[in-house]
1. Can you figure out the FRET efficiency of Thr139 with Lys17, using R₀ = 30 Å and their beta-carbon distance, to the nearest 0.05?
2. Give me the Å³ per residue figure for the convex hull around the C-alpha atoms of region 98-141.
3. Which of the peptides 124-130, 313-319, 180-186, 89-95 is most tightly packed, and how do the rest follow, judged by the mean count of other Cβ atoms within 10 Å per residue?
4. Checking the a/c ratio against 1.5 first, then a/b against b/c, what shape does the Cα gyration tensor give for region 255-314?
5. Specify the residue with the greatest mean-square fluctuation among Glu63, Glu121, Glu309, computed from a Gaussian network of the chain linking alpha-carbon atoms under 10 Å apart.
6. Excluding same-chain pairs closer than 8 in sequence, count the lysine pairs in the chain whose Cα atoms lie under 29 Å apart.
7. Output ³J(HN,Hα) for region 268-282: one whole-Hz value per residue in order, computed from phi by the Karplus curve 6.51 cos²θ - 1.76 cosθ + 1.60 with θ = phi - 60°, and x for Gly and Pro.
8. So what are the three principal axis dimensions of the chain from its Cα atoms, in whole Å, longest to shortest?
Amino acid sequence: MMKAIYFEAFGDREVLKFGEVPTPRPRETELLIEVRRSSVNYVDIRERQGTYNRPETHVGGIELPRISGLQAVGFVVDTGPAADRSWIGRKVLAYTPHGGAYAQFVTAETDLCIEIPDSDEDLYAALPTQGLTAYLTLTASSRLQPGESVLVQGASGGVGSLAVQIAKILGAGLVFGTASTQEKLSFIRGLGAEAIDYTHEDWPQLVLQNTGGRGVDIVLESIGGDIFEKNFECLAAFGRYVVFGSTRGPGQPIAPRRLMQKCQTLTGFYVPVFLSRPELLHAGLQFLVDATRIGKLRPSIARTLPLREAAEGQRLLEAREATGIITLDATSV
């Protein structure tokens, strides 16, 4: 048995329970990882609420009871029968798309694990889901070219703060990041981006002024609502707009022919779809680990909480009180 955070019904944070559950067994090519760190994602909140889209037929796309958690750092302690047993004893970063990382042990496919240095556990635990989203939206979805400009909405959050840094690593020119408070705007400037306060009605004009009236080549956005329409005011001709979430809701339907006016592209992004392209996921994870190891990428850790306080981590994320990524310490239950 192991300690874990799980829920047996959908609802508010009160449905999250901390207790003992069976330790998972690794299948075929999976690794069993003794978790040291995991982290909190907005997906975890949607799962708990029963509103997250997955292809399963269960309510909310989630089978109950459910242990959330899409990423982990820890030591490999066992393998499935078809996996290379030389993994045992290695410290790894793991992407766990089917959940389970809010626990003392989790299983992960071998090709979704990357060996990491025996240090900076929080930095690496912050990478997989948020980092893959940031990396793949800039590479596979929008195909960022050197010198192009990028607007990252919600740039003080987990995905946004990594996207700003990754865009610069990949050779972007101007990078803009939006936020709603002076503290968060200052944080974004510290990442090396132009900070934009999106609570001001005319914020798209600031982007246009800073790009000589042209607008940005790429927009990364996970907010929705009225922000969706405003992004188009500062998207350049031939610009690419990537939607990877909707924390404010879907907003109004879009008229597709509006994209014709400036030959723009609107693209949706959903990490689990890339499970059919594991080579892209593996390459993304390797990029994230390598960039972090040499200091080019520095994930921003908002808080590190004991595993049993996962509900507080979700509260901080829901209340938008976190600047950066919230990690969970599975060694301190």
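The values are calculated or read from the model by the stated rules, or taken from the named source; none is laboratory data. Computed from a predicted model, the values in this text were never measured in an experiment. Ideal geometry is used to build each Cβ from the backbone, glycine not excepted, and the neighbour counts take in all protein chains shown. The accessibility values were calculated without ligands, DNA or RNA, using every heavy atom of the protein model including side chains. Shrake-Rupley method; radii C 1.70, N 1.55, O 1.52, S 1.80 Å.
1. 0.20
2. Hull volume normalised by residue count: 112 Å³.
3. 124-130, 89-95, 313-319, 180-186
4. prolate
5. Glu63
6. Total qualifying Lys-Lys pairs in the chain comes to 12.
7. With the stated coefficients, region 268-282 comes to x, 9, 8, 3, x, 4, 6, 4, 7, 10, x, 5, 6, 5, 5 Hz.
8. Reported extents, whole Å, longest axis first: 60, 40, 36.
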